[in-house]
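Participant: Following this message is one structure expressed as structure tokens.
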Amino acid sequence: MLDIVLLACLAVPVVLILFLKTNTAVVFFSLCAGSVLVNYGAVSVLTFADSFSANPSAGLDGVIRVGLLLLPAVFSTLLLRKSFPTSKIVLFAPPAVAVGLTGLLLAVPVLPGGIQHNVMQSNVWDQVNKFRDIIILGSFAVSLLALWAGKAKIHKGKHSK
């Protein structure tokens with residue numbers, strides 16, 4: 001059952017990003033920005049959140065870390081929808097898969113303890129984690145290529161200088 005949930009966590013971002021026609025390379029780099037936020041901003045956000053709580057909860061830690069990781073990518077997906085025509089969907093499909101795989105690789109380590117332990121025991125996680133270096137490097141390369149290939153061409157008109 002857990003393997004099916006993990007496969008859904010891989011597929012949902014891919015389908016959603018392509019359905020909304022969002023520039024997948026930007027979403028990938030937003031996911032990378034979210035990882036930086038988790039690594040360098042989570043402690044400050046947790047301290048700030050704990051100042052409002054009478055009894056700080058350890059469960060809040062995982063929720064805040066996952067939120068910091070995914071928020072930039074979610075905002076990019078929603079704000080940059082309809083960034084490419086349907087004819088270019090093949091160009092943006094590989095980076096969409098890269099977003100799904102990278103999102104899984106980055107999200108599992110910041111999940112709350114019990115959930116993280118269960119996920120790390122699954123077959124899907126074993127397969128994805130086995131190739132994490134290749135996935136991250138390949139995702140970066142594919143996203144960068146899609147970013148370069150998908151940029152708008154500037155047409156110089158008759159009256160340009």
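The values are calculated or read from the model by the stated rules, or taken from the named source; none is laboratory data. Not measured: the values here are computed from a predicted model. All Cβ positions, glycine included, derive from the backbone under ideal geometry; neighbour counts span all protein chains shown. Protein only, heavy atoms only, side chains kept; ligands, DNA and RNA dropped before computing areas. Shrake-Rupley method; radii C 1.70, N 1.55, O 1.52, S 1.80 Å.
Participant: Hand me the tally of lysine pairs in the chain: alpha carbons under 15 angstrom apart, and the pair either on different chains or 8 or more positions apart.
Facilitator: Number of lysine pairs found: 6.
Participant: Using alpha carbons only, how many degrees (0 to 90, rounded to 10) separate the axis of helix 132-149 from the longest principal axis of the chain?
Facilitator: 30 degrees
Participant: In a shell of Cβ-Cβ distance under 15 Å around Ala73, excluding Ala73 itself, what net charge do Lys and Arg (+1) and Asp and Glu (-1) give?
Facilitator: Result for the neighbourhood of Ala73: +2.
Participant: Given a 1.4 angstrom probe, what's the average accessible area per residue across the range 7-124, in square angstrom?
Facilitator: 54 Å²
Participant: Which angle between 0 and 90 degrees, to the nearest 10, do you get for helix 89-107 versus the longest principal axis of the chain when only C-alpha atoms count?
Facilitator: 20 degrees
Participant: For the pair Ile115/Cys9, report the inter-label distance in nm, with labels modelled 7 Å from Cα in the Cβ direction.
Facilitator: Inter-label distance under the simple model: 0.8 nm.
Participant: Just one of (i) 14.1; (ii) 12.6; (iii) 14.7 is mean projected area of the Cα convex hull in nm² calculated from these coordinates, so which is it?
Facilitator: Here the calculated entry is (ii).
Participant: Find the all-direction average of the projected area of the Cα convex hull for the range 49-140, expressing the result in square nanometres with one decimal place.
Facilitator: Result: 7.8 nm².
Participant: Measure nothing fancy, just the Cα-based angle from helix 2-20's long axis to the longest principal axis of the chain, in degrees from 0 to 90, nearest 10.
Facilitator: Long axis of 2-20 versus the principal axis of the chain: about 30 degrees.
Participant: Net charge near Lys21, counting Lys/Arg +1 and Asp/Glu -1 over other residues with Cβ under 11 Å of its Cβ?
Facilitator: Result for the local shell: +3.
Participant: Now for a different question. Could you tell me what percent of the accessible area of the chain is made up of carbon and sulfur, with a 1.4 Å probe and every protein chain present?
Facilitator: 70 percent
Participant: Further question: Could you order peptides 38-47, 97-106 by the average number of other Cβ atoms within 10 Å of their residues, highest first?
Facilitator: Output ranking for 38-47, 97-106: 97-106, 38-47.
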